[in-house]
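Asks: One structure is given below, represented as structure tokens, and several questions about it will come after.
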Amino acid sequence: MTKLLTVSAAALLSALPVMALAECGISDAGSVRILANDFGALDLVMERATSCASDTLSVSVNQTEEHKNLQVPALSINPAEYTVAVIANNSLPPLLNEGLVQPLDDLVAEYGAQLTPQQIIRIDGKIMAIAFMVNGMHLFTRADLLEEAGIESTPTTWAEVLDAAEAIRSQGILEYPLAGAYAPGWELAEEFVNMYSASGAPFFKAGTAEPAINSEAGVTVLETMKALTAYMDPDYLSIGSLEASKMWGAGEVAMMNLWASQAGPLIDADGDYPEIAPNTVLTAAPTLGDAGIPAGALFWDGFSIASNISDEDAAASFQVMMHAIAPDLATEHPTGASWMIDGYVPTDNAVGIMANVSSGGVAYPTLPYMGLMHSALGNELVDYLQGKESAQEALAGVEAAYTAAAQERGYLN
Amino acid sequence: MTSSPARPNYTLTLIATAFVLFWMVVAGFPFLWTTWGSFKVEADFFSRADWSNALSGVNTIRQTGDAFTMDGYKGAWILNDFWRAGLNTMLVTVVVTVLSLVLGTLGGYALARSGYRYAFWILILALVFRAMPHITLVSGYLVPFFQLNIWGTLPTAIIVLVAINQPFTLWMLHSFFLSIPKDLDESAMVDGCTRFQAFREVIVPVMWPGIITTGLFSFLLAYNDFAVTAMLLRQENQTMIPKIASFLGSIESEGNVMFAVSSVVSATVPLFILVMFFQRQIVGGLTAGAVKG
Amino acid sequence: MPHKAFAWFILPSALAMILFIALPLVSIVVQSLYIEHPQVLTQVESCSPFGGCTMETRVDAAATAALRDAQPLGRFNGLGTYFNRSHLATREIATILKDTDGIADSLRRIYQLPFYRALLFTLCYTAVVTPLGMLAGFWIALAVNRIPAVLKGPVIFVSLLPMIITPLIGSLVIYWMVNSRGILGNLLQWVTQDPTLSIAASGPLTWLTLFLYGIWIAAPFSFVVFYAGLQTVPQDTLESAMIDGANRWERVRFVIIPHLVPLATFVALVQLMDNFRVLEPIIGFNAQASATSLSFSIYNDLQAENGQLFASAAATSLLTIALLIVLLFPVLIRTWRDFSRKSAH
């Protein structure tokens, strides 16, 4: 009975993707197997990819939130379980470290005429990935509340954000005018990384994996973060990006730094928040000190092709992905994401992230050991924010936790 | 009333009923709240502005024109093919429960009837196995499973769940078997049965209560598992829990929480029917059951 | 039972456990003793869409793979991982004790070490939730035993609900109910007449919420098993106790509880283990700021975005097992006694 049911379920499922007509003009045969994260914008891309399936070309997609945990073991066997890995700049290093993705120069030359120079991720002179969308954190402000507090221009630095928060509080408009994704773990670390990137200081000593954050810049960043938390709801350490966006919708917040991918519903006047949305203004993330870099490290989402596959499958996979991220995608779904595709005209929900890009935003570091640093930051900064230790103690703790992890992974001795 | 006292004590029955009522509220209210909320839009059920929005449905009325909406259910079942995950879950839970019980009754019977030291050490070893955090085990499976090309399929996940579930099943069924007198199978064997015949014809029929109780827990374990199913199944084989997790969204991307909420509520319906249908057996099984440690 | 019959009966079960638990366990033990080879780092020019081209450090995959092929397990590190800062942190504790400003300061600094922070919460959670969950289950079982038979089915179903709702949604819904704007959070503020009261902002209240949630989710298991046990209480003993003039409490104390003790051992065993591996509520309640557990550390180490520290996760897992065996020791001794009695028969 077991076998029977499995078979019939499999038959039901396989019927779905194959039905689509081969409409993307790929004459090559092959097997395309894609591993991707599971969220709305990627659904659009994957839909286009599966439409390429034909009698000779099979396209299968596995969209799962566990993709980061699966990609290394799945690509390390031969032949690889997946031919395409959809990645972001922080999930590419594990694949690069193990040499599991192949250079794409030949494929780009042959099939990649549609790509803009911006989309090409080149490492050591070789094209290792193709980017197609961008994300990052930027400033959301409530124009009506700022005006009520007598603030004329939208803050562009963290110092101005603090002044504005004080003005809003002292005039009794809101007790806690700020919000942020400060939940310990990945999100809290991301706040630190954003602000530290904005200081322009390096995370590591040049050319090594030695940490360099226990510095003046690190202390300034922590002190700024702590100053900001004074204007946040006392719950702030349990609030992640999803809750922060709800707080915004409830009108509890006047300013916050949040993901561009969350902007859509918050500015939609016909959506969940008709009173808040028309007053929500999106601008570049504030800067710190005089480096002039917005405090919102930029993430790109893109794809790479596995090494352990046949050349036919690699060529077929690349062509399918080229169809999936063709300029049509951006014109058909302009609000789907902040595309990095030729011909994309930023819509209202993307003005903030585009401001980040144009005012000198930097990419989230793609260093092999950045994940370890990020994890150490996420776990070790809580005590400082709760006032249980000094900034130096916290940064020393981060460095010690990072060092233990980096020694285990062989980056440090 | 099973433990029928000679004089019915109404005060005590009243206190007991009040306590049960209190427990019903504590156990059931979050679920009731979730069921109610599954017919609202997200801005109401997860409202930070005012919790009473979840009752009045202000935003639901504004967005859909009615105080109750089926949007969550439509989104999950029609747009996102939740039925497919439901089908997979059904398959996984039923097969896991049956296999766990078959393996567990055989092993548990042997452990209960063996007087040798090694039986004790096997029990202890099973206990150590049960102490293993599942996530550590699962991360170790990935590379071999990919190499053997068995990753992502339902049979693989089922076998892993059965294996992970074995220590608990063994312990529980072993306890049940201990409570069945040895004379029963020994006299059957004197009458000319083989050991296996005695087990099948004499012991198992007496054991149904224990098997049903253990089966209930095996069922719930397979039904609620996230660690194994999220990491070992590919998308088309996904069961309900990972599917619900994907509705919830992650840090950078908002999911559709109401799809998740309505999925959870609808996933409880078959369980409710199951419990109501087998109510007599479960209660009866429990009533006749004898668990001993 | 003869050896051969025993072997045939246990074989399928043993095979499943050996393949999927014992073998991984061996590899986890090995893994915890090794660390990775030194990664061969090189400087390469890397170009990203933002910020242009820069010189960046990369792993030389080919050179590192060559090292790995020569010695697939990595570098032998002995118990080094167990004693490093992320685990037992012996060196850090020695330093703390050497230049201490008194016991309070030492304790504060030791509590900042990740392992000890996780351990304290894990132990407290286990110590509070295990007995209270069992007690709750026991009282519910006693009470349900007294209600009319027609109500028992629905009551059992509702009692199972905390176990049935996946923790993923269960904790999310309760998190929204108890947050400062939610229905229970508001109720609490109204009861205490303190409109600024917030559970998430307070460490002790977060712990309390996690404990209560733990009891809520653990009680159904104890309930079902105890309820099953109650049905087998020998009626004649109960009746003779009544004839002897024992009141209700005395009957519970001297007849029912002794009858349920073997059962309670089993429930304690299972619950102790499950509570010691607490993980989901911490994630569901976004409570990492005030509470982390050993399982949470393992989970954290295994996440790809954190760099996947397999040796570290393996070491924490084995420490978890070791601690559990210590905690379970009384139960194990009891089982041994029962077993010896059985084999003596």
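The values are calculated or read from the model by the stated rules, or taken from the named source; none is laboratory data. None of the values given here were measured: they were computed from a predicted structure. As a convention, Cβ positions derive from the backbone with ideal geometry for all residues, glycine included, and neighbour counts pool all protein chains shown.
Asks: Pick out the one residue from C:Gly137, C:Gly133 that is crowded, with 23+ Cβ neighbours inside 10 Å, in contact with a Pro (Cβ under 8 Å, 6 or more places away or on another chain) and more than 8 Å from chain B (Cβ to nearest Cβ). So that I can check it myself, show each step before the final result.
Replies: On the way: C:Gly133 fails: in contact with a Pro (Cβ under 8 Å, 6 or more places away or on another chain).
Of the residues listed, the single one that is crowded, with 23+ Cβ neighbours inside 10 Å, in contact with a Pro (Cβ under 8 Å, 6 or more places away or on another chain) and more than 8 Å from chain B (Cβ to nearest Cβ) is C:Gly137.
Asks: Inspect all residues belonging to region A:202-222 and state whether any of them is more than 30 Å from C:Gly307 (Cβ to Cβ) and away from every other protein chain (no Cβ under 13 Å).
Replies: So far as region A:202-222 goes, no, none of its residues is more than 30 Å from C:Gly307 (Cβ to Cβ) and away from every other protein chain (no Cβ under 13 Å).
Asks: Residues B:Thr213, B:Thr239, B:Thr156, B:Thr169: which one is touching a strand residue (DSSP E or B) at 6+ places or on another chain (Cβ under 7 Å) and surrounded by 18 or more Cβ atoms within 10 Å (Cβ to Cβ)?
Replies: Sole residue among the options that is touching a strand residue (DSSP E or B) at 6+ places or on another chain (Cβ under 7 Å) and surrounded by 18 or more Cβ atoms within 10 Å (Cβ to Cβ): B:Thr239.
Asks: While we're looking at this one, here's another question. Restricting to region A:48-84, count the residues that are in a helix (DSSP H, G or I), touching a strand residue (DSSP E or B) at 6+ places or on another chain (Cβ under 7 Å) and away from chain C (no Cβ under 14 Å).
Replies: To start, the set of residues in region A:48-84 that are in a helix (DSSP H, G or I) comprises A:48-50, A:67-76.
Cutting the leftovers down to touching a strand residue (DSSP E or B) at 6+ places or on another chain (Cβ under 7 Å) gives us A:49-50, A:67, A:70-71, A:74-75.
Filter once more, keeping what is away from chain C (no Cβ under 14 Å): A:49-50.
Qualifying residue count for the region: 2.
Asks: Do we find a residue being modelled with pLDDT under 85, more than 7 Å from chain B (Cβ to nearest Cβ) and within 30 Å of C:Leu142 (Cα to Cα) anywhere in region C:194-202?
Replies: No; the residues of region C:194-202 include none that is modelled with pLDDT under 85, more than 7 Å from chain B (Cβ to nearest Cβ) and within 30 Å of C:Leu142 (Cα to Cα).
Asks: Taking C:Pro330 as the residue in question, decide whether it is assigned by TED's automatic domain parsing to the domain that holds C:Pro262, of a type outside the set (A, V, I, L, M) and assigned to a helix (DSSP H, G or I). Even if it seems obvious, please write down each step before you answer.
Replies: Details: assigned by TED's automatic domain parsing to the domain that holds C:Pro262: no; of a type outside the set (A, V, I, L, M): yes; assigned to a helix (DSSP H, G or I): yes.
When the stated conditions are applied, C:Pro330 does not pass them.
Asks: Given C:Arg109, C:Arg91, C:Arg117, which one is within 11 Å of chain A (Cβ to nearest Cβ), surrounded by fewer than 17 Cβ atoms within 10 Å (Cβ to Cβ) and in a helix (DSSP H, G or I)?
Replies: Every option except C:Arg91 fails the conditions.
Asks: B:Leu106 is checked against (1) at pLDDT 90 or above; (2) surrounded by 22 or more Cβ atoms within 10 Å (Cβ to Cβ) and fails just one. What number does that condition carry?
Replies: (2)
Asks: Any idea which of (1) more than 8 Å from every other protein chain (Cβ to nearest Cβ); (2) crowded, with 21+ Cβ neighbours inside 10 Å is the one A:Ser238 doesn't satisfy?
Replies: With respect to (1) more than 8 Å from every other protein chain (Cβ to nearest Cβ); (2) crowded, with 21+ Cβ neighbours inside 10 Å, A:Ser238 is out only on (1).
Asks: Please find, among C:Ala268, C:Ala291, the residue that is in contact (Cβ under 8 Å) with a residue 24 or more places away in the chain and more than 9 Å from every other protein chain (Cβ to nearest Cβ).
Replies: Just a single option satisfies the conditions, and that option is C:Ala291.
Asks: Just wondering, is there one or more residues in region B:145-165 that are assigned to a helix (DSSP H, G or I), modelled with pLDDT under 85, more than 30 Å from C:Leu294 (Cα to Cα) and over 23 Å from the mean Cα position of the chain (by Cα)?
Replies: no
Asks: For region A:309-328, name all the residues that are under 15 Å from A:Arg48 (Cα atoms) and in contact with a strand residue (DSSP E or B) (Cβ under 7 Å, 6 or more places away or on another chain).
Replies: Within region A:309-328, A:Ala316, A:Ser317, A:Phe318, A:Val320, A:Met321, A:Ile325 meet the criteria.
Asks: Test each condition in (1) buried (at least 24 other Cβ atoms within 10 Å of the Cβ); (2) touching an Asp or Glu at 6+ places or on another chain (Cβ under 8 Å); (3) outside the structural domain of A:Gly251 (by TED's automatic domain parsing) for A:Pro286 and report the one that comes out false.
Replies: A:Pro286 satisfies all of (1) buried (at least 24 other Cβ atoms within 10 Å of the Cβ); (2) touching an Asp or Glu at 6+ places or on another chain (Cβ under 8 Å); (3) outside the structural domain of A:Gly251 (by TED's automatic domain parsing) except (3).
Asks: Next up: Quick check: anything in region B:17-35 under 15 Å from B:Thr69 (Cα atoms) and within 14 Å of chain A (Cβ to nearest Cβ)? Walk me through how you get there before you give the answer.
Replies: Going through region B:17-35, the residues under 15 Å from B:Thr69 (Cα atoms) turn out to be B:34-35.
So of that shortlist, the ones also within 14 Å of chain A (Cβ to nearest Cβ) come out as none.
No: zero hits.
Asks: Give me a count of the residues in region A:226-251 that are within 23 Å of A:Ala159 (Cβ to Cβ) and either in contact with a Leu (Cβ under 7 Å, 6 or more places away or on another chain) or not assigned by TED's automatic domain parsing to the domain that holds A:Thr141 (or both).
Replies: Summing the residues that are within 23 Å of A:Ala159 (Cβ to Cβ) and either in contact with a Leu (Cβ under 7 Å, 6 or more places away or on another chain) or not assigned by TED's automatic domain parsing to the domain that holds A:Thr141 (or both) in region A:226-251 gives 8.
Asks: Looking at region C:58-81, which of the residues that are of a type in the set (D, E, K, R) and assigned to a strand (DSSP E or B) is surrounded by the most Cβ atoms within 10 Å (Cβ to Cβ)?
Replies: Within region C:58-81, the match that is surrounded by the most Cβ atoms within 10 Å (Cβ to Cβ) is C:Arg58.
Asks: In addition: Just to be sure I understand, how many residues within region A:319-330 are crowded, with 24+ Cβ neighbours inside 10 Å and touching a Phe, Trp or Tyr at 6+ places or on another chain (Cβ under 6 Å)?
Replies: Total satisfying the criteria: 2.
Asks: Taking the condition of being assigned to a loop (DSSP other than H, G, I, E, B) and among the hydroxyl-bearing types (Ser, Thr, Tyr), how many residues in region A:196-221 meet it?
Replies: Number satisfying all stated conditions: 2.
Asks: Right, here's the next one. Which residue out of B:Ser175, B:Ser218, B:Ser187 is polar (S, T, N, Q), farther than 22 Å from B:Ala267 by Cβ, assigned to a helix (DSSP H, G or I) and touching a residue at least 12 places away in the same chain (Cβ under 8 Å)?
Replies: Selected residue: B:Ser175, the only one of B:Ser175, B:Ser218, B:Ser187 that is polar (S, T, N, Q), farther than 22 Å from B:Ala267 by Cβ, assigned to a helix (DSSP H, G or I) and touching a residue at least 12 places away in the same chain (Cβ under 8 Å).
Asks: Looking at (1) under 26 Å from the mean Cα position of the chain (by Cα); (2) outside the structural domain of B:Ile159 (by TED's automatic domain parsing); (3) surrounded by fewer than 17 Cβ atoms within 10 Å (Cβ to Cβ), which one does B:Trp23 not meet, given that it meets all the others?
Replies: Result: B:Trp23 passes all but (3).
Asks: Checking B:Gly86 against (1) within 14 Å of chain A (Cβ to nearest Cβ); (2) crowded, with 22+ Cβ neighbours inside 10 Å, which test does it fail?
Replies: Against the list (1) within 14 Å of chain A (Cβ to nearest Cβ); (2) crowded, with 22+ Cβ neighbours inside 10 Å, B:Gly86 comes up short only on (2).
Asks: Scan region A:221-234 and tell me whether some residue there is small (Gly, Ala, Ser) and farther than 30 Å from C:Pro38 by Cβ.
Replies: Yes, that holds for at least one residue.
Asks: Among the numbered criteria (1) within 17 Å of B:Ala227 (Cα to Cα); (2) part of a loop (DSSP other than H, G, I, E, B); (3) of a type outside the set (Lys, Arg), which one does C:Ser290 miss?
Replies: In the conditions (1) within 17 Å of B:Ala227 (Cα to Cα); (2) part of a loop (DSSP other than H, G, I, E, B); (3) of a type outside the set (Lys, Arg), C:Ser290 misses (1) alone.
Asks: Given the conditions (1) basic (Lys, Arg); (2) farther than 22 Å from A:Tyr364 by Cα; (3) not assigned by TED's automatic domain parsing to the domain that holds A:Ile293, which single one is not true for A:Arg122?
Replies: Evaluating A:Arg122 over (1) basic (Lys, Arg); (2) farther than 22 Å from A:Tyr364 by Cα; (3) not assigned by TED's automatic domain parsing to the domain that holds A:Ile293 leaves (2) as the failure.
Asks: Now a separate question. Go through region C:1-13 and give me each residue that's within 22 Å of B:Thr97 (Cα to Cα) and over 25 Å from the mean Cα position of the chain (by Cα). Walk me through it before giving the result.
Replies: Here is the first cut: in region C:1-13, the residues within 22 Å of B:Thr97 (Cα to Cα) are C:8-13.
Matches in region C:1-13: C:Trp8, C:Phe9, C:Ile10, C:Leu11, C:Pro12.
Asks: Being in contact with a strand residue (DSSP E or B) (Cβ under 6 Å, 6 or more places away or on another chain) and modelled with pLDDT of 90 or more narrows it down to one of C:Ile21, C:Ile35, C:Ile10, C:Ile28, so name that one.
Replies: Criteria check complete, one pass: C:Ile35.
Asks: While we're here: Go through region A:143-178 and give me each residue that's farther than 25 Å from A:Gly292 by Cβ and either in a strand (DSSP E or B) or among the aromatic types (Phe, Trp, Tyr) (or both).
Replies: Within region A:143-178, A:Tyr176 is the sole residue that qualifies.
Asks: Can you name every residue in region B:46-66 that is of a type in the set (Phe, Trp, Tyr) and more than 18 Å from A:Pro274 (Cβ to Cβ)?
Replies: B:Trp51
Asks: On to the next question. Could you check how many residues of region A:89-104 are more than 9 Å from every other protein chain (Cβ to nearest Cβ) and either modelled with pLDDT under 95 or assigned to a strand (DSSP E or B) (or both)? Give the steps one after another, and end with the answer.
Replies: Let us first name the residues in region A:89-104 that are more than 9 Å from every other protein chain (Cβ to nearest Cβ), namely A:92, A:95, A:101-104.
After this cut, where a residue has to be either modelled with pLDDT under 95 or assigned to a strand (DSSP E or B) (or both) as well, the list is A:92, A:95, A:101.
Of the residues in region A:89-104, 3 are more than 9 Å from every other protein chain (Cβ to nearest Cβ) and either modelled with pLDDT under 95 or assigned to a strand (DSSP E or B) (or both).
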